[in-house]
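Peer 1: Got a structure for you, written out below as C-alpha cells; questions coming shortly.
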Amino acid sequence: MAEISAPRGVRDILPDESWKWAHVFRTIGETARNFGYSEVHLPIFEHTELFARGIGDTTDVVEKEMYTFTDKGGRSITLRPEATASMVRSYLEHRMDILPQPVKMWCTGPMFRYERPQKGRYRQFWQVDFESLGSPHPYADVEIIALSLEAFRRLGLTSLEVVINSVGCPACRPAYRKELSDYFASRSEELCGTCRDRLERNPLRILDCKREGCRKVTEDAPDVLGSLCEECREHFDSVRSGLDSLGAAYHIDKRLVRGLDYYTKTAYEVLSGALGSQNAVCGGGRYDNLAEAIGGPPVPGVGFAAGVDRIVMVMEQEGCSFGPEPLIDVFGVALDEPSRTELFRLVDALRRAGISADMDYGKRSMKAQMKSASSRKARFACIIGESEVAAGTVVVKNLQDGEQREIPVSDAPLDIRTQLLSTRKG
Ligand code: AMP
C-alpha cells in the first residue's frame with residue numbers, strides 16, 4: 001500500500017513481536033544487575049575515526065560495511081556498527097579510570113552494517129553489549145562468558161554451544177602470524193581472492209573465512225594455542241579452569257579469531273543449532289590494547305555483544321516462553337451514543353486505576369464491539385446502555401466464563417482489579 005517501503009535489510013518490529021523483545025531486554029537487564037553491570041545509553045553515531053581505529057581498518061566492517069557520511073559541518077560521521085569502541089571511548093572521555101576498577105557497563109540499541117541481508121542478518125540490527133573495563137584478571141573473562149550464558153539460560157535457550165580460543169598478544173602474535181602467513185602462502189592457490197588479499201595484511205582473518213575451499217585449508221593451519229607466550233597460556237588456562245569451576249561447557253575452536261592487534265587473549269562465541277548459517281548469537285573476548293588504539297592509556301577490557309534479532313528468532317524456534325502476552329483487561333462497549341460518554345469516563349477511571357482498558361469511538365453495533373473485545377482477547381467487557389446510565393451502573397461480563405454482573409459504575413475499578421488479581425494469582 002505504501003509507496004515508500006523500508007530500505008533493504010531494515011525492518012519494523014511490530015506489536016506482535018515487540019512485546020517479546022521487551023521480555024528479552026527485561027531478562028537481560030535483570031541478569032546485568034545480578035552481575036553488577038550498569039546500563040548506559042551511548043550515541044548512535046560517532047566520528048568515523050573511532051571505528052577505523054577501534055575495530056581496525058583491515059576488517060570487513062570498516063572496509064565495506066560502515067554507513068559513513070559527511071555531516072553539514074564537514075565531519076566524517078559513521079552510524080555505529082558495534083558498541084565496544086564507543087564504550088571504551090566513553091570510559092576514557094569520562095575519566096572512569098579514577099573509579100574503582102573494573103567499570104562494568106552494558107548498553108543496547110541498533111547497530112548498522114552494510115551487509116548482504118539474509119535470514120538473521122540485517123543492515124540495522126539490535127545488540128546488547130556488555131563490557132568490563134579495567135581488569136586484566138582471567139575471572140573477568142569468565143564472568144563475561146558466564147553472564148552471557150546465564151542470560152541465555154534465563155531466556156530458556158537450549159542447544160547452545162560455547163566455543164573459546166586465545167588469540168595471543170602483541171608479544172606472541174607476530175611469530176604466529178608469520179608462521180600462519182608462510183603456511184597460507186604455501187597453499188595460496190586454494191584460497192579465495194579475498195583471503196589471498198588478506199595474506200599480507202592480516203593472515204589471521206583467513207581462519208575466519210566461511211568459504212568451503214578456505215575452510216579446508218585452515219584445517220591444517222598452525223594452531224595458535226601452540227605459540228602462546230607464557231602469560232597468554234596461563235591466562236587461557238585460568239579462563240578454562242574458571243569456566244570448569246562454574247560447570248560451563250565449552251569447546252576450543254582454534255579457528256576462532258579476532259584478527260587485530262588490540263584483541264588479546266580470550267575470544268569466544270556462543271552458537272545456536274537453531275539458526276542457519278548465521279548461527280552466532282553472541283561473540284566477544286578480551287581487547288587489552290583497544291584503549292591505546294583509540295588514543296588513550298592502556299586499559300584492559302573484556303566484553304561481548306549478542307544479537308537481539310537472533311535471540312528472539314532462536315527463542316521462537318525453540319518454543320521458549322516470552323512471559324504472559326500483554327493483553328487488554330477490559331474492553332468497553334457502548335449500546336448507544338449518549339452512553340458512550342459515560343463509558344469513556346469509566347475507561348479513563350479504569351486506566352488510572354492501573355487496569356488496561358480500551359473502547360471503540362466509532363458508531364458500531366454491540367455485536368461488532370463485542371467482536372473487538374474478543375479479538376483483543378480482553379478479560380472483561382464493560383457494557384453501558386441507556387438503562388445503566390440511568391441507574392449509574394455497568395454490566396461487567398467475564399469473557400472467559402460468560403458470567404455477567406451489574407454493579408455500580410463507581411465500584412467497577414476496584415471490583416475488576418480484585419477479580420484480575422485473584423485470577424492472576426490462581
Ligand atoms: P559481532 O559484533 O560481529 O561480534 O556480532 C555480535 C553478535 O551480533 C553476533 O553474534 C550476532 O548475534 C549479532 N549480529 C552481528 N551482525 C549482525 C547482523 N548483520 N544482523 C543481525 N545480527 C547480527
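Here's the yes/no breakdown for (1) outside any helix (DSSP H, G or I); (2) open to solvent by 10 Å² or more (accessible area, probe 1.4 Å); (3) outside the structural domain of ALA185 (by TED's automatic domain parsing):
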| site | (1), (2), (3) |
| --- | --- |
| ARG215 | no, yes, no |
| PRO222 | yes, yes, no |
| HIS235 | no, yes, yes |
| VAL239 | no, no, yes |
| ALA249 | yes, yes, yes |
| LYS265 | yes, yes, yes |
| CYS282 | yes, no, yes |
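Peer 1: Write out, first by first residue and then by second, each pair whose Cβ atoms fall under 8 Å of each other, whose residues are 6+ apart or on separate chains, and whose first residue, in the stretch 147-169, is within 18 Å of GLU131 (Cα to Cα) and open to solvent by 20 Å² or more (accessible area, probe 1.4 Å) while the second is among the β-branched types (Val, Ile, Thr) and part of a helix (DSSP H, G or I).
Peer 2: That search, which allows pairs on different chains as well, returns GLU150/THR31.
Peer 1: Looking at the stretch 356-377, can you tell me whether even one residue there is within 30 Å of CYS282 (Cβ to Cβ), surrounded by fewer than 18 Cβ atoms within 10 Å (Cβ to Cβ) and not basic (Lys, Arg)?
Peer 2: Let us first name the residues in the stretch 356-377 that are within 30 Å of CYS282 (Cβ to Cβ), namely none.
Taking every residue of the stretch 356-377 in turn, none turns out to be within 30 Å of CYS282 (Cβ to Cβ), surrounded by fewer than 18 Cβ atoms within 10 Å (Cβ to Cβ) and not basic (Lys, Arg).
Peer 1: Kindly establish whether ALA22 is under 30 Å from SER375 (Cβ atoms), away from the ligand (no atom under 16 Å from the Cβ) and either in the same structural domain as VAL302 (by TED's automatic domain parsing) or among the β-branched types (Val, Ile, Thr) (or both).
Peer 2: Details: under 30 Å from SER375 (Cβ atoms): yes; away from the ligand (no atom under 16 Å from the Cβ): yes; either in the same structural domain as VAL302 (by TED's automatic domain parsing) or among the β-branched types (Val, Ile, Thr) (or both): yes.
Taking the combined requirement at face value, the residue satisfies it.
Peer 1: Right, another one. Looking only at the stretch 313-325, which residues are part of a helix (DSSP H, G or I) and either within 11 Å of the ligand (Cβ to nearest atom) or farther than 17 Å from LEU271 by Cβ (or both)? Write out each step before concluding.
Peer 2: Pass one, the stretch 313-325, residues part of a helix (DSSP H, G or I): 313-318.
Those that are part of a helix (DSSP H, G or I) and either within 11 Å of the ligand (Cβ to nearest atom) or farther than 17 Å from LEU271 by Cβ (or both): MET313, VAL314, GLU316.
Peer 1: Quick test of your reading of the structure: ARG211 fulfils all but one of (1) closer than 28 Å to LYS119 by Cβ; (2) in contact with a strand residue (DSSP E or B) (Cβ under 9 Å, 6 or more places away or on another chain); (3) charged (D, E, K, R). Name the failing condition by number.
Peer 2: (2)
Peer 1: What are the residues in the stretch 27-48 that are without any contact (Cβ under 8 Å) to a residue 40 or more places away in the chain and open to solvent by 50 Å² or more (accessible area, probe 1.4 Å), if any?
Peer 2: Within the stretch 27-48, ARG33, PHE45, HIS47 qualify.
Peer 1: Here's a follow-up. Could you tell me whether any residue of the stretch 60-73 is in a loop (DSSP other than H, G, I, E, B), without any contact (Cβ under 8 Å) to a residue 40 or more places away in the chain, open to solvent by 20 Å² or more (accessible area, probe 1.4 Å) and touching a strand residue (DSSP E or B) at 6+ places or on another chain (Cβ under 6 Å)? Reasoning before the result, please.
Peer 2: Filtering the stretch 60-73 for residues in a loop (DSSP other than H, G, I, E, B) gives 66, 71-73.
Adding the requirement that they be without any contact (Cβ under 8 Å) to a residue 40 or more places away in the chain leaves 71-73.
Right, trim to open to solvent by 20 Å² or more (accessible area, probe 1.4 Å) and you get 71-73.
Still in the list and also touching a strand residue (DSSP E or B) at 6+ places or on another chain (Cβ under 6 Å): 71.
Looking through the stretch 60-73, at least one residue is in a loop (DSSP other than H, G, I, E, B), without any contact (Cβ under 8 Å) to a residue 40 or more places away in the chain, open to solvent by 20 Å² or more (accessible area, probe 1.4 Å) and touching a strand residue (DSSP E or B) at 6+ places or on another chain (Cβ under 6 Å).
Peer 1: Considering every residue within the stretch 291-302, establish whether at least one is within 16 Å of the ligand (Cβ to nearest atom) and either farther than 22 Å from TRP126 by Cα or touching a residue at least 60 places away in the same chain (Cβ under 8 Å) (or both). Outline the logic, then answer.
Peer 2: First, pick out the residues of the stretch 291-302 that are within 16 Å of the ligand (Cβ to nearest atom): 301-302.
Of the ones still in play, those that are also either farther than 22 Å from TRP126 by Cα or touching a residue at least 60 places away in the same chain (Cβ under 8 Å) (or both) are 301-302.
Yes; the residues of the stretch 291-302 include at least one that is within 16 Å of the ligand (Cβ to nearest atom) and either farther than 22 Å from TRP126 by Cα or touching a residue at least 60 places away in the same chain (Cβ under 8 Å) (or both).
Peer 1: Shifting gears a bit: Of the residues that sit in the stretch 270-280 and are at pLDDT below 95 and open to solvent by 10 Å² or more (accessible area, probe 1.4 Å), which one is nearest to the ligand (Cβ to nearest atom)?
Peer 2: Just the residues of the stretch 270-280 that are at pLDDT below 95, to begin with: 272-280.
With open to solvent by 10 Å² or more (accessible area, probe 1.4 Å) added as a condition, the list becomes 273-280.
Numbers: GLY273: 14, ALA274: 13, LEU275: 9, GLY276: 12, SER277: 12, GLN278: 7, ASN279: 9, ALA280: 3 Å.
Here the answer is ALA280.
Peer 1: Now for a separate question. Take the conditions farther than 25 Å from SER18 by Cβ, touching a Pro at 6+ places or on another chain (Cβ under 7 Å) and either in the same structural domain as SER410 (by TED's automatic domain parsing) or not hydroxyl-bearing (Ser, Thr, Tyr) (or both) and apply them to VAL389. Does it pass?
Peer 2: Numbers: farther than 25 Å from SER18 by Cβ: yes; touching a Pro at 6+ places or on another chain (Cβ under 7 Å): yes; either in the same structural domain as SER410 (by TED's automatic domain parsing) or not hydroxyl-bearing (Ser, Thr, Tyr) (or both): yes.
So VAL389 passes the test.
Peer 1: Please identify the pairs in which a residue from the stretch 343-360 that is in a helix (DSSP H, G or I) has its Cβ atom under 9 Å from the Cβ atom of a residue that is of a type in the set (S, T, N, Q) and open to solvent by 30 Å² or more (accessible area, probe 1.4 Å), counting only partners at least 6 apart or on another chain.
Peer 2: Pairs found: ALA349/SER410; LEU350/SER356.
Peer 1: Which one of PRO338, PRO300 is in the same structural domain as SER132 (by TED's automatic domain parsing), open to solvent by 20 Å² or more (accessible area, probe 1.4 Å) and in contact with an Asp or Glu (Cβ under 8 Å, 6 or more places away or on another chain)?
Peer 2: Numbers: PRO338 fails: in the same structural domain as SER132 (by TED's automatic domain parsing).
One residue alone meets the criteria, PRO300.
Peer 1: Looking at this structure, is PRO203 out of contact with any helix residue (DSSP H, G or I) (no Cβ under 8 Å at 6 or more places or on another chain) and at pLDDT below 95?
Peer 2: On the way: out of contact with any helix residue (DSSP H, G or I) (no Cβ under 8 Å at 6 or more places or on another chain): no; at pLDDT below 95: yes.
When the stated conditions are applied, PRO203 does not pass them.
Peer 1: May I ask you to verify whether MET87 is in contact (Cβ under 8 Å) with a residue 60 or more places away in the chain and within 16 Å of the ligand (Cβ to nearest atom)? Full working, then the answer.
Peer 2: Values: in contact (Cβ under 8 Å) with a residue 60 or more places away in the chain: yes; within 16 Å of the ligand (Cβ to nearest atom): yes.
When the stated conditions are applied, MET87 passes them.
Peer 1: Sticking with this structure for a sec: Here is a list: ARG258, ARG310. Which entry is open to solvent by 30 Å² or more (accessible area, probe 1.4 Å), modelled with pLDDT of 95 or more and within 14 Å of the ligand (Cβ to nearest atom)? Talk me through it step by step, then tell me what you get.
Peer 2: Details: ARG258 fails: modelled with pLDDT of 95 or more.
Answer to the selection: ARG310.
Peer 1: Moving to a separate point now. For the structure I just gave you, tell me whether ALA151 is away from the ligand (no atom under 14 Å from the Cβ) and closer than 25 Å to LEU42 by Cβ. Give the steps one after another, and end with the answer.
Peer 2: On the way: away from the ligand (no atom under 14 Å from the Cβ): no; closer than 25 Å to LEU42 by Cβ: yes.
Taking the combined requirement at face value, the residue does not satisfy it.
Peer 1: Cβ-Cβ distance below 8 Å, separation of 6 or more or different chains: which pairs start in the stretch 120-132 with a residue that is closer than 21 Å to ALA32 by Cα and within 6 Å of the ligand (Cβ to nearest atom) and end on one that is in a strand (DSSP E or B) and of a type in the set (Ser, Thr, Tyr)?
Peer 2: GLN127/THR108
The values are calculated or read from the model by the stated rules, or taken from the named source; none is laboratory data. Because the structure is predicted, anything quoted here is derived from the model rather than measured. Note that we place each Cβ from the backbone using ideal geometry, even for glycine, and neighbour counts take in every protein chain shown. The accessibility values were calculated without ligands, DNA or RNA, using every heavy atom of the protein model including side chains. Shrake-Rupley method; radii C 1.70, N 1.55, O 1.52, S 1.80 Å.
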